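Participant: This is the structure I have questions about; it appears just below.
The values are calculated or read from the model by the stated rules, or taken from the named source; none is laboratory data. Keep in mind that what you see is a predicted model, and the values were worked out from it rather than measured. Here the Cβ is made from the backbone with ideal geometry for all residues, glycine too, and neighbour counts use every protein chain on show. Surface areas here come from the heavy atoms of the whole protein model, side chains and all, with no ligands, DNA or RNA. Shrake-Rupley method; radii C 1.70, N 1.55, O 1.52, S 1.80 Å.
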Amino acid sequence: MWRLKIKIWGDIMTADITALPQVRGTYKLKEPLSRHTWLNVGGPADVMFMPADEADLQEFIRQKNPQTDVFVIGGGSNLLVRDSGIAGVVIKLSDKNFAQCQIDGSRLYCGAGCSNFALKNIVSANGLGGLEFLCSIPGTLGGAMRSNAGCFGSDMSKVLVSARVIDGNGRVFEVANEDFHFAYRYSDFPADWIVLEVCLSFEKRDVDVVRAQIAQNEEYRRAHQPQGIKTAGSTFKNPEGTAAWKLIKEAGGDTFVFGKAKMSAVHCNFLHNEGTSASDVENLCRAVQQAVKQKSGIDLETEVKIVGREQ
Ligand SMILES: Cc1cc2nc3c(=O)[nH]c(=O)nc-3n(C[C@H](O)[C@H](O)[C@H](O)COP(=O)(O)OP(=O)(O)OC[C@H]3O[C@@H](n4cnc5c(N)ncnc54)[C@H](O)[C@@H]3O)c2cc1C
């Protein structure tokens, strides 16, 4: 254990969090999470920890005070972090050691910190058929596994063979696909586990065919989804048998504005933050849910994960 000294805004400050394990990675004190989320909102993490590698992360987990809360963030593309931030330690697997990828036969092993956009280069260069859908989803493979991310008729449950995870006691082990009990945008994943690496299956295909499929997917997004805005993708899950955007439109939720948060005019299940607070964004979500409930009797469930201290 050591007394943490951290440089912020040019001053050396000694954190009052004195019981953090000594690590080789980086601690950042009061790191604004708005810098790490696609919605561009969110107060600070008490501490952000970027481990140097797996052994460093394992040592941190084993040595940390069991009372210290831990939350792992990926690319922040599916997160609404509240203005009061996140208590405890937010772990980000941003070191290149967590982004290594390796092909072995018909399997692709990818570090959880690898971004899906980086994956695109590997998938297209090697003709890894079946993984094209992943290449257009923002975020990391860890986040995609956790949320069973999907699009264009596929999702992680269809390509994941197994994942290597670390639990809250620092134990590293392999978990098979079926043990995650995947469902639509859902995995049965204990809160204190962290994905370290995923093993994906693919079908070797002609490189041009794979490239064409990726390009077609990207074209579809350009034509049907808002581009270049601060958003977290689909705000609400599609209820059984219908589409969230339809319900939102029928309930008039597409016209709601909270501060500078509104639903996108291009696709009204995409929230558009034009420069406002997390509380405006959350209030917009709640108002849309209420309107849909009133109009159709359906409870819209957020696909975006709302996290952080409640004020
Ligand atoms: C423009 C846009 C389009 C999108 N389109 C789609 C789409 O087509 N389909 C789709 O499914 N989603 C889509 N999304 C949502 C989002 O990109 C996915 O859910 C993505 O998989 C989230 O990954 P992330 O790394 O950003 O996770 P984050 O948003 O950082 O975190 C999401 C969850 O995963 C957990 N998590 C992250 N990393 C790990 C890890 N290593 N171990 C354990 N848990 C972890 C976090 O704790 C959190 O609970 C879109 C988002 C945007 C902004």
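Participant: Express in % the proportion of alpha carbon pairs of segment 83-234 at distances exceeding 27 Å.
Facilitator: 23
Participant: Comparing ALA251, ALA243, ALA112, which has the greatest mean-square fluctuation in the GNM of the chain with Cα pairs linked when under 10 Å apart?
Facilitator: Taking springs between Cα atoms under 10 Å, the residue moving most is ALA243.
Participant: Right, something else. Round to the nearest 0.05 the FRET efficiency obtained for THR255 and GLU178 when R0 = 51 Å and r is the Cβ-Cβ distance.
Facilitator: For R0 = 51 Å, the calculated efficiency reads 0.70.
Participant: Report, in listed order, any pair from LYS158/LYS249; LYS262/LYS293; LYS92/LYS249 with a Cα-Cα distance greater than 26 Å.
Facilitator: LYS158/LYS249; LYS92/LYS249, as the Cα separations exceed 26 Å there.
Participant: Would you please give the FRET efficiency between ALA87 and VAL207, computed as 1/(1 + (r/R0)^6) with r the Cβ-Cβ distance and R0 = 45 Å, to the nearest 0.05? All intermediate terms of the calculation are to be shown ahead of the outcome.
Facilitator: Working: r = 47 Å, r/R0 = 1.05.
Working from the Cβ atoms, E equals 0.45.
Participant: Let me ask another. A 30 angstrom limit on the alpha carbon distance is what I want to check against. Which of LYS64/LYS260; LYS120/LYS295; LYS246/LYS305 exceed it?
Facilitator: LYS64/LYS260; LYS120/LYS295
Participant: With a point put 7 Å past each Cα toward its Cβ, work out how far ASN121 is from THR242 in nm, to one decimal.
Facilitator: 4.5
Participant: For GLU218 and GLN290, what is the calculated FRET efficiency with R₀ set at 45 Å and r taken between the beta-carbons, to the nearest 0.05?
Facilitator: Taking R0 as 45 Å, the efficiency between GLU218 and GLN290 is 0.80.
Participant: Using only the Cα atoms, what convex hull volume per residue in Å³ does segment 110-157 have? Don't skip to the answer; put the middle values down first.
Facilitator: Working: hull volume 3.2 nm³, N = 48.
Dividing the Cα hull volume of segment 110-157 by its residue count gives 66 Å³.
Participant: Continuing with the same structure: Quick one: go through segment 21-38 and flag any residue whose amide nitrogen is under 13 Å from the point 7 Å out along the Cα-to-Cβ line of ALA55.
Facilitator: Answer for this model: 24-25.
Participant: Also, quick follow-up: Bin by bin, in steps of 10 Å, what percent of the Cα pairs in the chain do you find, going until the bin that has the longest distance?
Facilitator: 6, 25, 32, 25, 11, 1
Participant: In whole Hz, with x marking every Gly and Pro, tabulate ³J(HN,Hα) for segment 253-258 from phi via Karplus 6.51 cos²θ - 1.76 cosθ + 1.60, θ = phi - 60°.
Facilitator: x, 5, 9, 5, 9, 10
Participant: Something else: Note down the nm distance, to one decimal, between modelled labels 7 Å out along Cα→Cβ at GLN227 and at SER106.
Facilitator: Computed distance between label sites GLN227 and SER106 equals 3.6 nm.
Participant: OK, next. Please list the three semi-axes, largest first and in whole Å, of the ellipsoid equivalent to segment 244-307, using sqrt of 5 times the eigenvalues of its alpha carbon gyration tensor.
Facilitator: 18, 13, 10
Participant: Please list 199-207, 79-87 highest first by mean number of surrounding beta-carbon atoms within 10 Å per residue.
Facilitator: Ranked by mean Cβ neighbours within 10 Å, highest first: 79-87, 199-207.
Participant: In the Gaussian network model of the chain, springs joining C-alpha atoms below 10 Å, which of GLY143, GLY228, GLY76 carries the largest mean-square fluctuation?
Facilitator: Highest fluctuation among the options: GLY228.
Participant: Something else about it: Would you work out what percent of the accessible area of the chain, with all protein chains in place, is carbon or sulfur (probe 1.4 Å)?
Facilitator: Reported share for carbon and sulfur atoms: 48 percent.
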